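Asker: First the structure, then my questions, so here it is.
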Amino acid sequence: MNILIYTDNDLDGAGSALVLKWYFETIANVVIEETGESTLVSKLQSKNGALDTFDKVFICDLALTADLIPHVDRENFVIFDHHIDHSKLKNNYKKAKVVVKPYSSCTKLIYDTFVSKLSLTKERIDLIDLIDQYDSYKMKDTTALKLNAIFYIYNNPKVQKFIESFNHGIREFNIQEKNSITLFFKKLKEQLNGSEIFEGKIKNYKVVATFASYAINEVAHALLVKHKADIGIVVNTDNQTVSFRRSKTSEVDVSILARKFCNGGGSVGAAGGTLTEQFGNLTKLFTRV
C-alpha cells in the first residue's frame, strides 16, 4: 500500500502527518510533503498522473476554500481539517472522504478518529497532547511552547525533520534543541521590546495590536496578557498578512473579524487574512499606547 500525505507546514501539520505515519507504519509506504493553502495546487499538479498511483492521498490541516476543494475532491483522497470555515464547506465535496469539523487541533482529530485502531506508547500520546495544547493555545506548562520553538527554528523541510526527531514521541530535549529554544525566546523578546503597540475597541471588546514578523502566536499571546485585552492583532508587513487571536477569557469569534476585514478566516480563537482597505479603515480607530 502506498500513502501520500500533504500537510500544513506548522506544528499541527507535522503532528497530523506523524499520527497518520504511526497508523500506517507497519502496513504501508508513506510519503509526506509539507505545503500551505497557497501552494497546494501547484504541489498536486507537479505529481501529474501519479496521484492515482497512491492508494490514499491525505490532505491535513489545510483550511481549504471553495475554489480549492475541486482540486482535492477525488475518489482516493481523504481530507482531515479542524478549521471552522472549511467545515462549513463539507457539502462541496462529492468524491473525497471528508473528516472536517471544528476541533482543538487536526492532530487530535486524526488521533481520535483512529484511536480504536492505534496502540501508542505514553510518549507518543503525550506528544499528541502537547501539539494539541499548542494549537488550541491552552497550555498546561511551557513544554508545548518549547516544542513549537524547536519546530520554528528548523530549516525546511520542517515537517520531515520534526517527524524524524520525535517519531518515538516526546522525550528530553537535547542540547541543540535547548539552544534552539533559547534562540527562539531571545528573538521573541527582541520582537516584543521593539514593537509599537496600539489599542482600540471593536464593539465592547478591547483590542491590542502591533507589527511583527516573528513568532506571531507568542507575540499575540504576550500582548493579550500584558494589556488584558480580548483580541490581539498582529500585522506582518513582510508578507502583508493580519493575524487575529483572542484571550482565554473572551468569547469573541475572531474568524468573523478575519472574514469581514481581511478576506480571511480560521477558528474562533485564531484566524487570519490579508491586509485590505477595510482593515486599514478599522485601524484608524486605534491609538498608540
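Asker: Reported to two decimal places, what Rg/Rh ratio describes the range 30-136 when computed on Cα atoms with Rh from the Kirkwood expression?
Answerer: On the way: Rg = 14.4 Å, Rh = 14.8 Å.
Rg/Rh for the range 30-136 comes to 0.97.
Asker: Most mobile of 136, 119, 104 per a Gaussian network model of the chain (Cα springs, under 10 Å)?
Answerer: 119
Asker: Still on this model: Largest first, how would 86, 221, 227 line up by accessible area (1.4 Å probe)?
Answerer: Working: 86 0, 221 65, 227 30 Å².
The ordering from most to least exposed comes out as 221, 227, 86.
Asker: Quantify, in whole percent, the carbon and sulfur part of the accessible surface of the chain (1.4 Å probe; protein heavy atoms only).
Answerer: Details: 7120 of 14200 Å².
About 50 percent, which is the carbon plus sulfur part of the accessible surface.
Asker: Shifting gears a bit: Helix-derived [θ] at 222 nm for the chain: sum -39500 (n - 2.57) over DSSP H runs of at least 4, divide by residue count, nearest 500?
Answerer: Numbers: 12 runs with 119 residues, N = 289.
The helix contribution divided over the chain gives -12000 deg cm²/dmol.
Asker: Report relative contact order for the chain in percent, whole number only (criteria: Cα-Cα under 8 Å, sequence separation at least 6).
Answerer: Value for the chain: 13 percent.
Asker: Identify which of 16, 213, 42 has the largest mean-square fluctuation in a Gaussian network model of the chain, with springs joining Cα atoms closer than 10 Å.
Answerer: With Cα springs under 10 Å in the chain, the top fluctuation among 16, 213, 42 is at 42.
Asker: Hey, what do the phi angles of the range 99-104 turn into as Karplus ³J(HN,Hα) couplings, whole Hz, using 6.51/-1.76/1.60 and θ = phi - 60°, x for Gly and Pro?
Answerer: Once rounded to whole Hz, the list reads 10, 10, 7, x, 7, 5.
Asker: Another question, if that's okay. Could you pull out every residue, at least 5 positions away or on a different chain, whose amide H is within less than 5 Å of the one on residue 58? Hs are placed 1.01 Å off N in the peptide plane, and Pro or chain starts have none.
Answerer: 4, 5, 6, 78
Asker: Pop the C-beta distance of residue 39 and residue 138 into the FRET formula with R0 = 30 Å and round what comes out to the nearest 0.05.
Answerer: Working: r = 29 Å, r/R0 = 0.98.
Result of the calculation: an efficiency of 0.55.
Asker: Along the range 223-232, what does the Karplus equation 6.51 cos²θ - 1.76 cosθ + 1.60 (θ = phi - 60°) give for ³J(HN,Hα), rounded to whole Hz, x for Gly and Pro?
Answerer: 5, 4, 5, 5, 9, 6, 9, 8, 10, x
Asker: Measure up 101/122; 146/201; 201/226; 88/206; 108/228 against 23 Å on the Cα-Cα distance and list the ones that go over.
Answerer: Numbers: 101/122 26 Å; 146/201 32 Å; 201/226 16 Å; 88/206 28 Å; 108/228 29 Å.
Checking Cα-Cα distances, 101/122; 146/201; 88/206; 108/228 exceed 23 Å.
Asker: Let me ask something else about it. Expected output is a single nm value to one decimal: the length gained when fully extending between residue 154 and residue 74, i.e. 0.36 nm times separation in residues minus the C-alpha distance. What is it? Write out the running numbers ahead of the final one.
Answerer: Working: separation 80, 0.36 × 80 = 28.80 nm, distance 3.28 nm.
Extra length from residue 154 to residue 74 when fully extended: 25.5 nm.
Asker: Now, a different point. Using a 1.4 angstrom probe, figure out how much accessible area the chain has per residue, in square angstrom, rounded to the nearest whole.
Answerer: Values: 14200 Å² over 289 residues.
It amounts to 49 Å² per residue over the chain.
Asker: Which residues' amide hydrogens lie under 5 Å from the amide hydrogen of residue 88, considering only partners 5 or more residues apart or on another chain, with H built in the peptide plane?
Answerer: Residues meeting the criterion, in which the H sits 1.01 Å from N, do not exist here.
Asker: Follow-up question, since we're still on this one. Checking the a/c ratio against 1.5 first, then a/b against b/c, what shape does the Cα gyration tensor give for the range 92-145? Don't jump to the answer; show the numbers that get you there.
Answerer: Numbers: a/c = 4.03, a/b = 1.52, b/c = 2.65.
In terms of gyration-tensor shape, oblate.
Asker: Please compute the contact order of the range 134-260 in relative form: average sequence separation of alpha-carbon pairs under 8 Å and at least six residues apart, divided by the residue count, as a percent. Please report the intermediate quantities before stating the final value.
Answerer: Values: 144 pairs, mean separation 18.6, N = 127.
Relative contact order comes out at 15 percent.
Asker: On to the next question. Go ahead and set up a Gaussian network model of the chain, Cα springs under 10 Å, then flag whichever of 98, 115, 254 fluctuates most.
Answerer: 115
Asker: Let a ≥ b ≥ c be the square roots of the eigenvalues of the Cα gyration tensor of the range 88-207; is it rounded (a/c under 1.5), or, if not, prolate (a/b larger than b/c) or oblate?
Answerer: On the way: a/c = 2.08, a/b = 1.13, b/c = 1.85.
Because a/c hits 1.5 or more and a/b fails to exceed b/c, the range 88-207 counts as oblate.
Asker: Ok, one more. Starting from the Cα gyration tensor of the range 30-74, take the square roots of the eigenvalues, sort them a ≥ b ≥ c, and report rounded, prolate or oblate (rounded when a/c is under 1.5, otherwise prolate if a/b is larger than b/c, else oblate).
Answerer: Details: a/c = 1.57, a/b = 1.39, b/c = 1.12.
Because a/c hits 1.5 or more and a/b exceeds b/c, the range 30-74 counts as prolate.
Asker: Related question: Write down the percent of antiparallel bridges among all DSSP beta bridges whose residues are both part of the chain, to the nearest 5. Walk me through the intermediate numbers first.
Answerer: Numbers: 21 of 46 bridges.
So the antiparallel bridges amount to about 45 percent of the total.
The values are calculated or read from the model by the stated rules, or taken from the named source; none is laboratory data. Quick caveat: nothing in here was measured; it's all calculated off a predicted structure. So basically every Cβ, Gly included, is an ideal-geometry build from the backbone, and we count neighbours across all protein chains shown. Ligands, DNA and RNA are stripped out before the accessible areas are found, and what is left, the full protein with its side chains, is counted by its heavy atoms. Shrake-Rupley method; radii C 1.70, N 1.55, O 1.52, S 1.80 Å.
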